[in-house]
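The values are calculated or read from the model by the stated rules, or taken from the named source; none is laboratory data. These figures come from a predicted structure and were not determined experimentally. Here the Cβ is made from the backbone with ideal geometry for all residues, glycine too, and neighbour counts use every protein chain on show.
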Amino acid sequence: MTILIIIAVVVVIGLIWMSIYNGLVRSRMQTQESWSQIDVQLKRRNDLIPNLLETVKGYAKFEQGTLEKVVSLRNALTQVPAGDHQQAMEISDQLTTSLKSVFAVAEAYPDLKASAQYNKLMDELTNTENKIAYSRQLFNTTTANYNTKLQSFPSNIVAKLHHFQPSEFLQTPEEEKAVVKVSFDDQGL
């Protein structure tokens, strides 16, 4: 009878261990999958940028420096090693800032703003930027869930024995945390 109790206890502990391990694996995979969603949206944006730049280039020949910077950052983003999430997001944030300059170019060219192709590309790019923002939030949420499991008892024991590593959160760049200065000129704008 004692042997059966010992076997039952070992089986129960084994099932609990397996359940915790599988939960950790599932959380790690969700974190990796949510990063993959960011990667997909970054690729989508990179595919849209050349079309947008070609459209803008025809209207804004003297804005060459801005266009070259966007192309340079786009190319740098494609060269980031697959596992370097922080570097990818830093370059992506720089690219987003540079794209704002391209958007500003349109304000100076009414014909460009009226272009159907430009408007379609801008809508696609804006939609993609929103998806990137959502994907970043999802990544940080799944990272928080995964890291919580790595630190919570008893899953922290299983995680340590199986060498699970925490995931890093995506950070907002300092320049994007700055308070926006709003000023109205004499014309009420």
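Listed values, structure above:
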{"item": "Test for Q37: is it in contact with a Phe, Trp or Tyr (Cβ under 8 Å, 6 or more places away or on another chain) and in contact (Cβ under 8 Å) with a residue 40 or more places away in the chain", "result": "yes"}
{"item": "Failed criterion for D39 (all others in (1) more than 30 Å from V158 (Cβ to Cβ); (2) part of a helix (DSSP H, G or I); (3) within 18 Å of the chain's Cα centre (by Cα) hold)", "result": "(1)"}
{"item": "Some residue of the range 111-126 being among the aromatic types (F, W, Y) and either under 18 Å from M29 (Cα atoms) or free of Cβ contacts under 8 Å to residues at least 60 places away in the same chain (or both)", "result": "no"}
{"item": "Any hit, the range 57-78, residues being surrounded by 12 or more Cβ atoms within 10 Å (Cβ to Cβ) and touching a residue at least 60 places away in the same chain (Cβ under 8 Å)", "result": "no"}
{"item": "Residue match in the range 149-164 (condition: surrounded by fewer than 14 Cβ atoms within 10 Å (Cβ to Cβ), modelled with pLDDT under 90, not in a loop (DSSP other than H, G, I, E, B) and not hydrophobic (A, V, I, L, M, F, W, C))", "result": "no"}
{"item": "Residue match in the range 96-117 (condition: in a loop (DSSP other than H, G, I, E, B), farther than 17 Å from S34 by Cβ, in contact with a Phe, Trp or Tyr (Cβ under 7 Å, 6 or more places away or on another chain) and not polar (S, T, N, Q))", "result": "yes"}
